[in-house]
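Trainee: Let me begin by handing over the structure; questions about it come next.
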Amino acid sequence: MRIKILFPFFIGLLIIGSCSTKKEVKILRLAHTLDTKHPVHKAMIILGEKLKKKSNGTLEVKLYPSGQLGAERECLELLQIGSLDITKVSAAVLENFITEYKVFSIPYLFRDRQHAFQVFDGAIGDEMLTKGDKYRLRGLTFYDAGSRSFYTKEKPITTPEDLKGLKIRVQKSNMAVAMVNSLGGSPTPISWGELYTALQQGVVDGAENNLPSFYTSKHYEICKYFSLDQHTAVPDVLLIGLDTWERLSEQEQIWLKEAARESTIEQRKLWAASEKESLDIITASGVEIITPDKTLFEQETESIQKMFQDNPDMLSLIKNIKNTKQ
């Protein structure tokens, strides 16, 4: 009789015990505006795989690509209020929240891609990733976004003179506006998701971006001139909302940073392959690739740095970037 009474009690303990040992899975929601073919999206898949493995399945990433949750600025705002966990934005958009990120939009700041990587991966990059803490935004890593160049519908851009009178789509960035103004063009901020239609309807005459984005967006169907002036090397920045970051344990933070860094290494390989593939495809589709004298564009944009002559902190940052050795 005593055994019959105690049996349900033991069964209950077993049930409670099995519940307590079940892994609690945290889902990190990551939204961005890029196409699923884009190398940055592929790097985010790698990020999720590495994070799941490191955490033994307790941390997972759920992706929302192609602007499902809004444009880049909207995703940043969702991070700030804790309604989204992670996002990827261009540093040019981030400068509207964190002043120091304007430095990455200075034309011809980097000597070459290796110089840029030394900055992103070194002490300057580490410090920049924490600059957004007071805005509830913590940087995780810099993804390669190549070099940005001009592309147009009606005529090739071989010198800065060719930009005069042309409406050029830019990101919602004061630095991008200043750059196009310095070259004689008419800067027109338009969200990325609306640009295809804007080009189609003649709202703008052209835009500026990297080769993979030009390809995956299908802008090459409309714009048949791509000028490799390579005026800026604005990185993409992977960010986590500070609310989400602070909810993670110290070990979970370490796993996430490691996974982000490892995904960056893979992303750069994917990017290099994507640039070559994009160039081959757009050339085969009839796009004319122009290789202009970049020094002409560099001379016309030198005035951009003078915008910071009354800001000693920015001048110091520019100097430190230029002095970074490869």
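Trainee: Any chance you could list P(r) for the range 136-260, counting all Cα-Cα pairs in 10 angstrom bins from zero, rounded to whole %?
Mentor: Reading the bins upward from 0: 13, 38, 24, 16, 9, 1.
Trainee: Ignoring ligands, DNA and RNA, please state the percent of accessible area on the range 117-270 from carbon and sulfur, probe 1.4 Å.
Mentor: 46 percent
Trainee: Turning to a different aspect of this structure: Using the Karplus equation 6.51 cos²θ - 1.76 cosθ + 1.60 (θ = phi - 60°), what ³J(HN,Hα) coupling, rounded to whole Hz, does each residue of the range 53-59 give in order, writing x for Gly and Pro?
Mentor: 5, 5, 8, 6, x, 8, 10
Trainee: Could you order the peptides 25-33, 187-195 from most to least packed, using the average number of other C-beta atoms within 10 Å per residue?
Mentor: 25-33, 187-195
Trainee: Could I ask something else about it? Each residue of the range 231-248 in order: what ³J(HN,Hα) in whole Hz does its phi give by Karplus 6.51 cos²θ - 1.76 cosθ + 1.60, θ = phi - 60°, with x for Gly and Pro?
Mentor: Rounded to whole hertz, the list is 6, 9, 10, 6, x, 8, 10, 8, 10, 10, x, 4, 4, 5, 4, 6, 7, 7.
Trainee: Then there's this: At a threshold of 8 angstrom on Cα-Cα distance, excluding pairs fewer than six apart, so keeping six or more, what relative contact order does the chain reach in percent?
Mentor: Computed over the chain, the figure is 24 percent.
Trainee: Take the Cα radius of gyration of the range 183-322 and divide it by 2.2 N^0.38 Å, with N its residue count; two decimals is plenty.
Mentor: Normalised by 2.2 N^0.38 Å, the Cα Rg of the range 183-322 equals 1.34.
Trainee: If you average 1/r over all unlike Cα pairs in the range 248-319 and invert the result, what Kirkwood radius do you get in angstrom? The partial results should precede the final answer.
Mentor: Details: mean 1/r = 0.0585 Å⁻¹.
After inverting the mean inverse Cα-Cα distance, the result is 17.1 Å.
Trainee: Still on this model: Two decimals is fine: what is log10 I(q)/I(0) at q = 0.10 Å⁻¹ for the chain, from a Debye sum with one equal scatterer on every Cα and no solvent?
Mentor: Ignoring solvent entirely, the Cα scatterers give -0.59.
Trainee: Tell me, what is the percent relative contact order of the range 202-307, built from C-alpha pairs under 8 Å that lie six or more residues apart?
Mentor: Once divided by the residue count of the range 202-307, the mean separation gives 56 percent.
Trainee: Next question, about the same structure. May I ask you to evaluate 6.51 cos²θ - 1.76 cosθ + 1.60, the Karplus curve with θ = phi - 60°, for each residue of the range 43-48 and list the ³J(HN,Hα) values in order in whole Hz, giving x for glycine and proline?
Mentor: 5, 5, 5, 4, 3, x
Trainee: Along the charge dipole of the range 273-326, Cβ charges K/R +1 and D/E -1, which of Gln309, Leu279, Ile290 sits furthest on the positive end?
Mentor: Gln309
Trainee: Right, here's the next one. With only alpha-carbon atoms in the gyration tensor, what are the semi-axes of the equivalent ellipsoid for the range 72-134, in Å, largest first?
Mentor: 24, 12, 10
Trainee: Could you quote the convex hull projected area for the range 18-94, Cα atoms only and averaged over all directions, in nm²?
Mentor: Mean projected area for the range 18-94: 6.0 nm², to one decimal.
Trainee: Can you list the lysines whose alpha carbon is less than 27 Å from that of Lys52, not counting same-chain residues fewer than 8 positions off?
Mentor: List returned: Lys22, Lys23, Lys26, Lys37, Lys42, Lys62, Lys88, Lys257, Lys269.
Trainee: Sorted by packing (mean other beta-carbon atoms within 10 Å per residue), highest first, where do 35-43, 298-306, 254-262 land?
Mentor: Output ranking for 35-43, 298-306, 254-262: 35-43, 254-262, 298-306.
Trainee: Considering only DSSP states other than H, G, I, E and B, which GluC sites (Glu not before Pro) in the range 17-121 qualify as loop sites with at most 11 other Cβ atoms within 10 Å?
Mentor: On the way: sites: Glu24, Glu49, Glu60, Glu72, Glu74, Glu77, Glu95, Glu100; in loops: Glu24, Glu95.
Loop-located and lightly packed - Glu24.
Trainee: Taking every eigenvalue of the Cα gyration tensor of the range 98-200, multiplying by 5 and rooting it, what semi-axes result, largest first, whole Å?
Mentor: Rounded to whole Å, the semi-axes are 29, 17, 12.
Trainee: Another question about this same structure. So who's got an amide H within less than 5 Å of the one on Lys26, skipping anything under 5 residues away but keeping other chains? H placed 1.01 Å off N, in plane.
Mentor: Leu59, Glu60
Trainee: Here's another thing I want to ask about it. For Lys131, Lys52, Lys276, give me the order by solvent-accessible area with a 1.4 Å probe, most accessible first, ignoring ligands, DNA and RNA. Don't skip to the answer; put the middle values down first.
Mentor: Details: Lys131 60, Lys52 100, Lys276 130 Å².
My answer, sorted largest first, is Lys276, Lys52, Lys131.
The values are calculated or read from the model by the stated rules, or taken from the named source; none is laboratory data. Predicted model only: the values in this text are computed from it and were never measured. Note: ideal-geometry Cβ built from the backbone for every residue, glycine included; neighbour counts use all protein chains shown. Keep in mind that these areas ignore ligands, DNA and RNA; they rest on the heavy atoms of the full protein, side chains included. Shrake-Rupley method; radii C 1.70, N 1.55, O 1.52, S 1.80 Å.
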